[in-house]
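Enquirer: Following this message is one structure expressed as structure tokens.
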Amino acid sequence: MNYTFRTATTEDAAALSEIYAPYVEETAVSFEYVAPTAEEFARRISDITRHYPYIVALDAMGTPVGYIYAHALHERAAFAYCAEASVYIHRDHHGRGLARSLYGQLEAALRQQGIRQLYVSIAAADRTDPQLTTASLEAHRRLGFEEVGRFDACGWKFGRWYDLVWMRKRL
């Protein structure tokens, strides 16, 4: 499937919050407990796009089916050349290379900003788990990210502990 890409706007908030909600409500991918409202999503888009790229993928009908954004890794000035990324794909579009395409868009924009290191934090389970697969970890490894740290048992969701794996890609 061919996708088009553009910068997210606050008008995308409802569609993007619908993509994100199942990650919050049904999986441990997100450590949020309650899916944000469209209004909260609009605020987040507005805040992030002041300084970083926020890219939406559209299907042939112009419907948002995925998104990616970067944000500050840390507030201290010395971290200005690093960013953290988050990517979410509508469940009907998994396995089609959309995340790879979105990362290509994001990385190009971040390079233009002078960002040198891109980080991701990914939930991980220490055993087979119905709310979390290894798909995100595996996909990020294929995209050139390497594991640089792990916070063991730092996230509590669905009555169990989850790890947080930090990965990095040099841009």
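Enquirer: Using helices alone, what [θ] at 222 nm do you get for the chain, with -39,500 (n - 2.57) per DSSP H run of 4 or more residues, divided over all residues and rounded to the nearest 500?
Expert: Result for the chain: -9000 deg cm²/dmol, rounded to the nearest 500.
Enquirer: Here's another thing I want to ask about it. Which of Val148, Val29, Val65 moves most in a GNM of the chain, Cα contacts under 10 Å?
Expert: Val148
Enquirer: Once the mean 1/r over all distinct Cα pairs of the range 44-121 is inverted, what Kirkwood radius in angstroms do you read off?
Expert: Averaging 1/r across every pair of different Cα atoms and inverting gives 13.1 Å.
Enquirer: Can you give the longest run of the chain that contains no chymotrypsin sites (Phe, Trp or Tyr not before Pro) sitting in a DSSP loop with at most 16 other Cβ atoms inside 10 Å?
Expert: So the longest stretch without any such site is 82-157.
Enquirer: Apply the a/c threshold of 1.5 to the C-alpha gyration tensor of the range 54-171 and tell me whether it is rounded, prolate or oblate. Write down the numbers at each step before the final one.
Expert: On the way: a/c = 1.95, a/b = 1.10, b/c = 1.78.
Note, shape of the range 54-171 comes out oblate.
Enquirer: Can you give the charge dipole size of the chain about its Cα centre, rounded to the nearest 20 debye, using +1 on the beta carbon of Lys and Arg and -1 on the beta carbon of Asp and Glu?
Expert: Roughly 700 debye for the chain.
Enquirer: Over the chain, what is the relative contact order in percent, taking alpha-carbon pairs closer than 8 angstrom and at least six residues apart? Please report the intermediate quantities before stating the final value.
Expert: On the way: 303 pairs, mean separation 34.8, N = 171.
Reported relative contact order: 20 percent.
Quick note: the coordinates plus some simple rules give every number you see, no bench work behind them. Quick caveat, the model's predicted, so the values are computed rather than measured. Quick reminder, even Gly has a Cβ in these numbers, built from the backbone with ideal geometry, and neighbours come from all protein chains shown.
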